[in-house]
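Asker: Pasting a structure below so you can have a look.
The values are calculated or read from the model by the stated rules, or taken from the named source; none is laboratory data. Bear in mind the structure is a predicted one, so any value in this text is a computation, not a measurement. Cβ: placed from backbone, ideal geometry, glycine included. Neighbour counts: every protein chain shown. Surface areas here come from the heavy atoms of the whole protein model, side chains and all, with no ligands, DNA or RNA. Shrake-Rupley method; radii C 1.70, N 1.55, O 1.52, S 1.80 Å.
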Amino acid sequence: MKSKLTCLLICFLFVACNNKDTLSFEPLTIATDSCENCTSVRIEIPEATGKTKLSKTINAALEGEIIALLNFDEESNAQNLEEAKEAFLYDYEELNGKFPEESMPWEATIEGNIAFENENIITIKLESYIYTGGAHGYGTNRFLNFDKISGKELYQEDLFNNLDEFKTYAETLFRQQENIPAEGSINNTGFMFETENFYLPDNLGYTETGLLLFYEPYEIASFADGPITLTIPYLEANSFLKYPKKP
């Protein structure tokens, strides 16, 4: 009997170590020195503390996303945020050395915050603006979803009971929101879905108001149109979600 009680206690402690009460964050800032007309990098994100699997997963996912955002030439070997910052500065200096009369200082600003959290799931939003020359910079949002119990990052296929059924439902709502006829090509009103068929964005995230579908600039429309979003209230989305939001 004592052995069974000990086993139950160990299991309880294991689960407790992964609940939201033990998940905490500290602000992490990595930035270049302030300098007029200089290339600048500023990263401000929440860093998960502790040595749990969830904390390690969150920090690794954020680091990977930010390294990718700062990777100008797709050849960077940066292994951490500090190296990614230095690689971004190096890439600018290399380009400026070749075309000094054409190279305006670059800019990278990345901010992270917790967009949603309950007992089962946490979503972190990364908002970024990257300028590496040209007429304008590129701003976007990334949403990273995590299972708080298993400590795993959740990808699109992990969020839904049936991905195809959800896609069909989302298309109906998208057509209604954008005044696209129910029949015919999804591109009838000027969108640019490849193959002229609706698809979900890579970027989906939990928010306080509902499940957010976030199409980045250029993904289905012109840059001038900016990001295209669709928020599905949880009362409608819950039946499709593996992680429904409780009322």
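Asker: Could you compute the FRET efficiency for N77 and I30, with r as their C-beta to C-beta distance and R0 at 22 Å, rounded to 0.05?
Answerer: On the way: r = 18 Å, r/R0 = 0.81.
Efficiency at R0 = 22 Å is approximately 0.80.
Asker: Along the charge dipole of the chain, pointing to its positive end and built from +1/-1 on Cβ of Lys, Arg, Asp and Glu, which listed residue (I45, A135, A84) has its Cα farthest out?
Answerer: Working it through, the farthest residue towards the positive pole turns out to be I45.
Asker: While we're on this one: With +1 on each Lys and Arg Cβ and -1 on each Asp and Glu Cβ, and nothing else charged, work out how big the dipole of the chain is about its Cα centre, in Debye to the nearest 20. Kindly include the intermediate steps, with their values, before the conclusion.
Answerer: Values: 18 positive and 41 negative charges, 367 e Å.
I would put it at about 1760 debye.
Asker: Also, I was wondering about something else. Quick one: pull the percent of accessible area on the chain belonging to carbon and sulfur, 1.4 Å probe, ligands and nucleic acids left out. Intermediate results must be reported in sequence, preceding the final value.
Answerer: Numbers: 7350 of 14090 Å².
C and S fraction of accessible area: 52 percent.
Asker: Can you tell me which of E75, E178, E219 moves the most in a GNM of the chain? Springs connect C-alpha atoms under 10 Å apart.
Answerer: Greatest mean-square fluctuation among the candidates belongs to E75.
Asker: Kindly report the accessible area of the chain per residue (heavy atoms of protein chains, probe 1.4 Å, no ligands, DNA or RNA), in Å².
Answerer: Details: 14090 Å² over 247 residues.
Per residue, the chain has 57 Å² of solvent-accessible surface.
Asker: Under 5 Å between amide H atoms, partner at least 5 residues away or on a different chain: which partners does G50 have, H built in plane at 1.01 Å?
Answerer: none
Asker: For N197 paired with L235, estimate the spin-label separation in nm (one decimal), with each label point 7 Å from Cα along the Cα-to-Cβ line.
Answerer: Each label point lies 7 Å from its Cα, and together they span 3.3 nm.
Asker: Give me the accessible area of I130, 1.4 Å probe, in Å² rounded to the nearest 10.
Answerer: Looks like 20 Å² after rounding.
Asker: Which residue fluctuates the most in the chain, going by a Gaussian network model with Cα springs under 10 Å, if the choices are L163, L28, L95?
Answerer: With Cα springs under 10 Å in the chain, the top fluctuation among L163, L28, L95 is at L95.
Asker: Given a cut-off of 23 Å, name the pairs among K85/K148; K56/K246; K53/K125; K148/K242; K56/K85 whose C-alpha atoms lie farther apart than that in the structure shown.
Answerer: In this structure, K85/K148; K56/K246 exceed 23 Å between Cα atoms.
Asker: Could you tell me the distance between the Cα centroids of the range 158-203 and the range 101-121, to the nearest Å?
Answerer: Cα centroid of the range 158-203 versus Cα centroid of the range 101-121: 27 Å apart.
Asker: Another question about this same structure. If you take the C-alpha gyration tensor of the range 198-247, multiply each eigenvalue by 5 and take the square root, what semi-axes do you get, largest first, in whole Å?
Answerer: Here the semi-axes work out to 24, 10, 8 Å.
Asker: OK, next. Taking every Cα atom in the chain, find the radius of gyration and the maximum pairwise distance Dmax, and write them in Å.
Answerer: Here Rg and the maximum Cα pair distance are 21.4, 80 Å.
Asker: Residue farthest toward the positive end of the dipole of the chain, with Cβ of Lys/Arg at +1 and Asp/Glu at -1: which of L235, L126, N197?
Answerer: My answer, from the dipole projection, is L235.
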